[in-house]
Amino acid sequence: MQSILAQPIYLSDYTVPDYLIDTADLIFDLNEEFTLVTAKLAIRANPASAQPHPYLILNGEALDLISVAMNGRDLTTTDFQKTDTSLTILNVPRTLILEIQTRIKPQENTALKGLYKSSGNFCTQCEAEGFRRITYFLDRPDIMARFTTTIIADKKHYPILLSNGNQIDSRQQPDGKHIATWEDPFKKPCYLFALVAGDLDCAEDFFITRSGRRVTLRIFVEKGNLDKCAHAMQAVKKAMRWDEEKFGCEYDLDIYMIVAVSDFNSGAMENKGLNIFNTQYILAKPETATDTDYVHIESVIAHEYCHNWTGNRITCRDWFQLSLKEGLTIFRDQSFTADTTSPTVARINDVIALRTSQFPEDAGPLAHPVRPESYVEINNFYTATVYNKGAEVIRMQQTLLGEAAFHKGMDLYFMRYDGQAVTIEEFVKSMEDASGIDLKQFRLWYSQAGTPILDVTDHYDAQQKTYTLKIKQSCPVTPEQPEKKPFHVPIKMGLLDQSGREITNDLLHMKHAEQEFQFTSIAEQPIPSLLRGFSAPVKLNYAYSDAALQLLSKHDTDLFNRWEAGQRYSIKLILGLISEYRKNKSLQLPADYINIFEHLLRTMQEDKLLLTEMLTLPSEKYLAEQMPVVDVDAIHIVREFILTALAKQLQKHFLHLYEENHEVELARDFSMQAVAKRQLKNLCLSYLMTLGDQEEYKQLALRQFKIALSTNMTDTMAALRCLVNIACPEREKVLEEFYQQWQGDPLVIDKWFALQASAKLPDTLSRVKNLMRHPVFDIKNPNKVYSLIGAFGHRNPVRFHVANGDGYQFLAECVLQLDPLNPQIAARMVKPLSEWQRYDQNRQHLMRGQLEGILRNKLISRDVGELVSKSLE
């Protein structure tokens, strides 16, 4: 374990490397007890370095050093110095060939960083700093080398041997082992290195690029999963074609490979030519994957594929520039999803993700800019701020420049920096040079933390027929940034007249702390439609009347803002009812609110996906963001009251829509039309199931569960979710029936865990504790941890935040159990406790106590230690 007192690394301290590695020739001899790694590195002094040191410091962790040779001469302990994290070669010439042999034990690598063994297969994960656990190296992203990799392994147990690039050699040895050599023609940093060895099945196809080249496509999966690859393969081809047409990016190797493994810390990794995926983002068939899974698989495949240009061909100079590849590629995969599904619903989902994960991050002790100034553990900065807010910053540049100029900027960026490791400034400079637009002030989005707040007031002068918007912007204090300069905020907006007709459609540039915008020739008091399409990641305060929100929700030409108006109205109502609840007053649902839902049910059935979103109440997590002190119990009680009241008033509509869209023959149809029908039908079922005294609706759910159990996972999970959230005798029966049907499929069992961990009933925590002792739960498997511990801590606020603190104690115990095994996953689990200051004094005391208890553990990892320390500052 590394000390939590490790010194921070600062962006301001960046210097160019003294030495470069031109080529890296690696030999892996894979054995059951250990792996021998032989690295031959061609190194030279960096001409960009003013005065290279006469010594060379290489990174290395958890390595057993066997030998070192320089320019053919074996080195002794007087020629180098070794620590737990480095190997320093003394008296190095300006050019050298360094040969290093190390011994590692992938079988014992539960952290899943570097080379490890998963389900009998060898696999790597080197981002961010995993390569230093394989061999000694200059492990930083601005060291780009050409890699040749030779893999030696027993052919019977590991018939598949893969690495980056193109295979140039394959041969058999007399001892039963075989050898494969791969050569990557492109320079890359070592974090993009990949190796896989195992007994895997392979799905193969091909893609013809726009220039006519044939690219072989291969997806490797663990035995027994070949029938779940068809959707992923089509997604690869869809992403390749889309990136050619949208961004002009053509694939550059003759082969593109994906390997899906069961044990993986994240969703996927974009290693050049050999992407490694978590199985949950590859494996799918109607019986085992939901509609949401199908969309996520396409999205993640598009993301990793798009990294080929935004991340691989052009990489980041240092880890402070992480959003240069991740924020940009999230923007690209979001664009892909919008183009291939429903643009409005895709945007709604993007914004929901931002508001429920990134906004809380911005408002808490872990707030940091899109480009941080310092870090202790880089793994802790794979955050919603770097990814999701980073994507919004790219989107704002597209808005400010316009679509055409933005794409010119992308073309210029690709042309200038192909094959280089660059900075965010260089990306923004490409946008400026392509468009002629000055983005100097806009750069503050990268360097200032926090979510800006726009306070908007207006005035209509009937005599002059002018309408004036007055906007003030501010940004709350965040760690190490007490004062903020004004952002350049693009505000898409329109004005509607009292009948709902659009009067104007504009883009406002908010650049000052206070600013006024005047509109002339306005015949009557207009209703503003502000921040259309969520054109900037800000919080908007404007005193909309109920009537204005109703009109916008029915008539706004911007469909995102139509949804947004409904959400604002719901939030306004819910916060008002929470106030009533706290005063022990009886709760009443206004007739106007019910009428809005009835209007939607009658008039919006042509767009069933959007209708589903319009009928969905804001989540408990997002509602918590609207309160200065979170009252988890009141939020839950009031939201449940509204769901039940709507179901009572509109049950005939919900039942009619359910029956109209319940088409069993669509079970294997994943067209957007079929998906939309299922989404709407299952939302209607969830409303009806809030009427716990209605036996007919319970029977409806049971019937859907039984019909869909072996044919369609979307309908199965929707029915099961309804039944798991009511106290009825059938609850345990359907859970057991589901388990018996799918116990052989780990990904489906993950859904089973997550469903129970996110249940609303009071017995959830005890159920979660029992499930941790279930034979199929494995705390070493990240997917199992996410589905059970993560679902409870991150997605079940009312049960996690139980007033006696049992949820906090449980999570802290899990973090301490996980940390010695996998610090990266432990750090991700601890984050709900970091928001302790948002709650009442009792909960604050209990959460803080658990954080302090974690910190008292002297062996805590750097990953967890950094987050806990910052949370307590």
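State the number of residues belonging to region 739-766 that are over 16 Å from Ile789 (Cβ atoms), touching a Ser or Thr at 6+ places or on another chain (Cβ under 7 Å) and among the aromatic types (Phe, Trp, Tyr). Number of matching residues: 0. When restricted to residues that are surrounded by fewer than 16 Cβ atoms within 10 Å (Cβ to Cβ) and under 14 Å from Gly364 (Cβ atoms), region 838-871 contains 1.
The criterion of at least 2 residues that are of a type in the set (Phe, Trp, Tyr) is met, among strands (runs of 3 or more DSSP E) falling completely within region 429-536, by 514-519.
Selection of helices (runs of 4 or more DSSP H) fully inside region 274-381 by the criterion of at least 3 residues being in contact with a Ser or Thr (Cβ under 9 Å, 6 or more places away or on another chain), open to solvent by less than 10 Å² (accessible area, probe 1.4 Å) and within 22 Å of Phe186 (Cβ to Cβ) returns 322-340. Need the failing condition index for Lys228 against (1) crowded, with 18+ Cβ neighbours inside 10 Å; (2) farther than 19 Å from Leu41 by Cβ; (3) touching a strand residue (DSSP E or B) at 6+ places or on another chain (Cβ under 7 Å); (4) charged (D, E, K, R), just the number. Lys228 satisfies every listed condition except (3). Exactly one residue out of Tyr294, Tyr251, Tyr281 is of a type in the set (Ser, Thr, Tyr), closer than 25 Å to Thr341 by Cα and in contact (Cβ under 8 Å) with a residue 60 or more places away in the chain, and it is Tyr294. Criterion applied to Val215, Val295, Val261, Val236 was being modelled with pLDDT of 95 or more, farther than 30 Å from Ala353 by Cβ and either of a type in the set (A, V, I, L, M, F, W, C) or under 22 Å from the mean Cα position of the chain (by Cα) (or both), and the one residue passing it is Val215. Residues in region 1-26 that are more than 34 Å from the chain's Cα centre (by Cα) and closer than 27 Å to Leu195 by Cβ: Tyr19 alone.
Residue by residue, here is whether (1) at pLDDT below 95; (2) open to solvent by 10 Å² or more (accessible area, probe 1.4 Å) holds:
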site: Ser529; (1), (2): no, no
site: Phe534; (1), (2): no, no
site: Leu540; (1), (2): no, yes
site: Ala543; (1), (2): no, yes
site: Ala547; (1), (2): no, yes
site: Leu551; (1), (2): no, yes
site: Lys554; (1), (2): yes, yes
site: Thr557; (1), (2): no, yes
site: Arg562; (1), (2): no, yes
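Could you go through region 5-26 and let me know if any residue there is at pLDDT below 95 and either in a strand (DSSP E or B) or of a type in the set (Gly, Ala, Ser) (or both). Looking for residues that are at pLDDT below 95 and either in a strand (DSSP E or B) or of a type in the set (Gly, Ala, Ser) (or both), one finds at least one in region 5-26, hence yes. Of all the criteria given as (1) small (Gly, Ala, Ser); (2) open to solvent by less than 30 Å² (accessible area, probe 1.4 Å); (3) assigned to a loop (DSSP other than H, G, I, E, B), the one not satisfied by Ser211 is (2). Scanning region 62-84 for residues that are surrounded by 15 or more Cβ atoms within 10 Å (Cβ to Cβ) and β-branched (Val, Ile, Thr) yields one hit, Val68.
On the stretch given as region 597-656, residues that are of a type in the set (D, E, K, R), over 31 Å from the mean Cα position of the chain (by Cα) and at pLDDT 95 or above total 3. List, please: which pairs have Cβ atoms under 7 Å, are six or more places apart or on different chains, and start with a residue in region 662-687 that is touching a residue at least 24 places away in the same chain (Cβ under 8 Å) and surrounded by fewer than 19 Cβ atoms within 10 Å (Cβ to Cβ) and end with one that is of a type in the set (Gly, Ala, Ser) and assigned to a loop (DSSP other than H, G, I, E, B)? Every condition considered, the pairs that remain are Met672/Ser342. The set of residues in region 257-273 that are open to solvent by less than 10 Å² (accessible area, probe 1.4 Å) and in contact with a Ser or Thr (Cβ under 7 Å, 6 or more places away or on another chain) comprises Ala260, Val261.
Return yes when Ala24 is free of Cβ contacts under 8 Å to residues at least 12 places away in the same chain and of a type in the set (Gly, Ala, Ser) and no when it is not. Judged against the criteria, Ala24 is not a match. Note on region 12-59: residues that are open to solvent by 30 Å² or more (accessible area, probe 1.4 Å) and of a type outside the set (Asp, Glu) total 22. The sole residue among Glu377, Glu426, Glu403 that is within 26 Å of the chain's Cα centre (by Cα), within 19 Å of His307 (Cβ to Cβ) and of a type in the set (D, E, K, R) is Glu426.
Residues are listed down the side, and each one gets a yes or a no for (1) part of a helix (DSSP H, G or I); (2) at pLDDT 95 or above; (3) aliphatic (A, V, I, L, M):
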position: Phe777; (1), (2), (3): no, yes, no
position: Tyr786; (1), (2), (3): yes, yes, no
position: Gly807; (1), (2), (3): yes, yes, no
position: Phe810; (1), (2), (3): yes, yes, no
position: Leu821; (1), (2), (3): no, yes, yes
position: Arg828; (1), (2), (3): yes, yes, no
position: Glu835; (1), (2), (3): yes, yes, no
position: Asn842; (1), (2), (3): yes, yes, no
position: Glu852; (1), (2), (3): yes, yes, no
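The values are calculated or read from the model by the stated rules, or taken from the named source; none is laboratory data. Fair warning: this is a prediction, and the values are worked out from it, not measured in the lab. Heads up, the Cβs are rebuilt from the backbone with ideal geometry, glycines too, and the neighbour counts pull from every protein chain shown. Surface areas here come from the heavy atoms of the whole protein model, side chains and all, with no ligands, DNA or RNA. Shrake-Rupley method; radii C 1.70, N 1.55, O 1.52, S 1.80 Å.
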